[in-house]
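Presented below is the structure to which this report refers.
The values are calculated or read from the model by the stated rules, or taken from the named source; none is laboratory data. The model shown is predicted, which means the values in this text are computed figures rather than measured ones. Because the Cβ atoms are built from the backbone with ideal geometry, glycine has one as well, and the counts that use them run over all protein chains shown.
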Amino acid sequence: MRITSALLSIAFAFPLFSQSKPAVCVNADPNILHPCQQPLFSNPPPPKTVGDRIVVTTPTTFFPQPAVNPFDLPPGTNFLPSVFSNNFDVNFTEMPNTLPSTPLVPYNLHDGDPKVSKISAISPTDDLTRIFGHVIDIAGQSSKSNEDRAAARRAIGMAIDILEGNPIPNRVYSGLPLLHYDGPNKVKSVVAIRDSSGKVVGGNVDVHQVWYDSHIEADTAFIDPRVDAGGPLPTVIEVPWTITYTVDVLTRGEDDFSPYVMYTNGAGMPGVGMDQSFFPMAEGTRTVFKIKMAPGKYFSLVYTWGWRYHPPRAQVMENATKELGGKTLPQFEIDTFGANPRQNEQTKLAAIAKIGDLSPEKRMWNALRGARAALDKGSWPEVDRLVRTANNAFSDWQDRTRLPWGTRNRVRADQTADLTLLYANNTIYAEPSGKIDHSGSLQIDYPKWKMRGTTLNVTLYNADNFEHAYQNVDFGGARGWENQFKSSVKFGGSGCWFTFGRNYWWMNVPNTGPSPNGTAAIIVPPADATGKPGMKKVSIEYNYEPSRRIRFYQFDPFHHDVAILSVH
């Protein structure tokens, strides 16, 4: 199976149509768009370049006038009635495991009950906070012993190990680096499950995630739905399968587990997306979930987000067979970071060199390595200065909903734009123009957009030493969204109003022409030889009303993983 660039850079080559309903849908209101349908769009005008800005016009909403403001008169015209059935693809074939919740079975896609156990909640934030304070205290002492020198060196070494993802005893986050250079090592294949005759009847892939502060770090960024990828063996393309998540919730990581899956429609075009679960997780716990998936031929990605700290708390697992410009997504990682960045010290350092020096994580890493060298020379004032520099970068790292203070000499929020994004460390930092209202949850809102005809202006900076790209996704505004309500308030959940949402997604940014590497997308060039970030400006005219769940989902289609900054 290949999901080509048409999926991420939609060509919009299909006319708008409303399909007739199969027998299972006969109870639906014939005047209302229904989950059995797969509406598509006619061609919007192609993007155009105006000065230094790319201007994108989205398709027009599926829902006709008169439009209703979904925020003043909720839920608006694009809200669909809950229908407790599986979804159907473009050929009216039922898609197993696409009904996440029913009145009688609220966790319909759980394969068995989640298993919860206690773990140490110590997070990278906890350890780095302790390390920086400890070394600064030692450096400030009037006299220092050999034991002090050894203690400082151990502490600095541990901080570097945290950033690089080296093994750390007694830490559940061990092996998950804060520097995002290891994409080629995060590809997994679905393992086949066969019946007694050897026929493939299912499959499973194991995923490990850690949640803390505003972060989700994972050992998986790509899932190959072909069994034993690369060989002519039976696959789960035509059969349901599962993902087994082991989720460790560390300090300040309490949240609701709500993986959101995006499926195609059976013809390689955008289809249905849905929250597959909504299960409260407490700090200091490990929860093992087994989640049921539709057949592999529909799989696009799974977007795991945290409702308490969203947008920054998010992570993605893409379909490893997906292509852009004839190149698979894992190949983008390999071409940037090498085939195996974790193979040895040389490959690791070469991969980390691709991360821009302006990123908070790389600033920490550079300062700590300098501090270790200064310590070996016995220069305690230099150790103190460099560890304080690392500590300042550490502060920037803890909040991705503002631009890092340490980059202000190179990047500032564009006050002529609604939102400024900075690609750095293979992730996204962001800052809206004007007053920032985090509302206690690091959330970025875009209240300006309530009705069709609104234009979003985004300024994009790239501080890394490789190309990034930009994509903007509709989570049901134009094609409709459905909320299969299942309150989790009494269990400690935080997102009860939108539990188990289901919607029709669509890519807002179509093909803008080839880049130098032959890939169609909005390209943000890398930093230049002086470290000055590359820059691109984008305007998107929204011709539909947003959904109440989320206004838009934006990410880097070349290097997805945690390069996400969705806006409510």
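In the range 229-249, how many are touching a helix residue (DSSP H, G or I) at 6+ places or on another chain (Cβ under 8 Å) and either hydrophobic (A, V, I, L, M, F, W, C) or modelled with pLDDT under 90 (or both)?
5
Would you confirm, using the coordinates I've provided, whether K297 is surrounded by fewer than 23 Cβ atoms within 10 Å (Cβ to Cβ) and under 20 Å from F88 (Cβ atoms)?
Answer is yes for this residue.
Select from the range 401-430 the residues that are within 19 Å of H468 (Cα to Cα) and in contact with a helix residue (DSSP H, G or I) (Cβ under 9 Å, 6 or more places away or on another chain) and list them in ascending order.
If the condition is that a residue be within 19 Å of H468 (Cα to Cα) and in contact with a helix residue (DSSP H, G or I) (Cβ under 9 Å, 6 or more places away or on another chain), then L403, P404, T407, L422, A424, N425, N426, T427, Y429 are the ones that fit.
So is D126 within 21 Å of D396 (Cα to Cα) and touching a residue at least 40 places away in the same chain (Cβ under 8 Å) or not?
yes
Any idea which of (1) aliphatic (A, V, I, L, M); (2) closer than 21 Å to A351 by Cβ; (3) surrounded by fewer than 21 Cβ atoms within 10 Å (Cβ to Cβ) is the one A159 doesn't satisfy?
So A159 meets the others, but not (3).
With L358, L375, L422 as the choices, which residue is surrounded by 18 or more Cβ atoms within 10 Å (Cβ to Cβ) and part of a loop (DSSP other than H, G, I, E, B)?
Matching residue, one of L358, L375, L422: L358.
What tally of residues in the range 186-213 results from selecting those that are in contact with a Gly (Cβ under 8 Å, 6 or more places away or on another chain) and farther than 19 Å from T242 by Cα?
4
Would a scan of the range 82-104 turn up a residue that is closer than 30 Å to W380 by Cβ, of a type outside the set (D, E) and surrounded by 13 or more Cβ atoms within 10 Å (Cβ to Cβ)?
no
Could you please find all residues in the range 302-355 being surrounded by fewer than 23 Cβ atoms within 10 Å (Cβ to Cβ), farther than 22 Å from G175 by Cβ and of a type in the set (S, T, N, Q)?
Those that are surrounded by fewer than 23 Cβ atoms within 10 Å (Cβ to Cβ), farther than 22 Å from G175 by Cβ and of a type in the set (S, T, N, Q): T321, T328, Q331.
Here are D89, D72, D52: which of them is within 20 Å of W506 (Cβ to Cβ), at pLDDT 80 or above and charged (D, E, K, R)?
D89
Report whether or not G183 is modelled with pLDDT of 95 or more, surrounded by fewer than 20 Cβ atoms within 10 Å (Cβ to Cβ) and under 21 Å from I355 (Cβ atoms).
For G183, the condition - modelled with pLDDT of 95 or more, surrounded by fewer than 20 Cβ atoms within 10 Å (Cβ to Cβ) and under 21 Å from I355 (Cβ atoms) - is not met.
So, restricting to strands (runs of 3 or more DSSP E) that lie completely within the range 44-124, which ones have at least 2 residues that are more than 30 Å from M535 (Cβ to Cβ) and more than 24 Å from the chain's Cα centre (by Cα)?
It comes to 115-118.
Only one of (1) modelled with pLDDT of 90 or more; (2) among the charged types (D, E, K, R); (3) more than 25 Å from G76 (Cα to Cα) is not met by K435, so which one is it?
Condition (1) is where K435 drops out.
Could you go through the range 277-293 and let me know if any residue there is surrounded by fewer than 18 Cβ atoms within 10 Å (Cβ to Cβ), on the phi > 0 side of the Ramachandran plot and at pLDDT 90 or above.
Scanning the range 277-293, I find at least one residue that is surrounded by fewer than 18 Cβ atoms within 10 Å (Cβ to Cβ), on the phi > 0 side of the Ramachandran plot and at pLDDT 90 or above, so the answer is yes.
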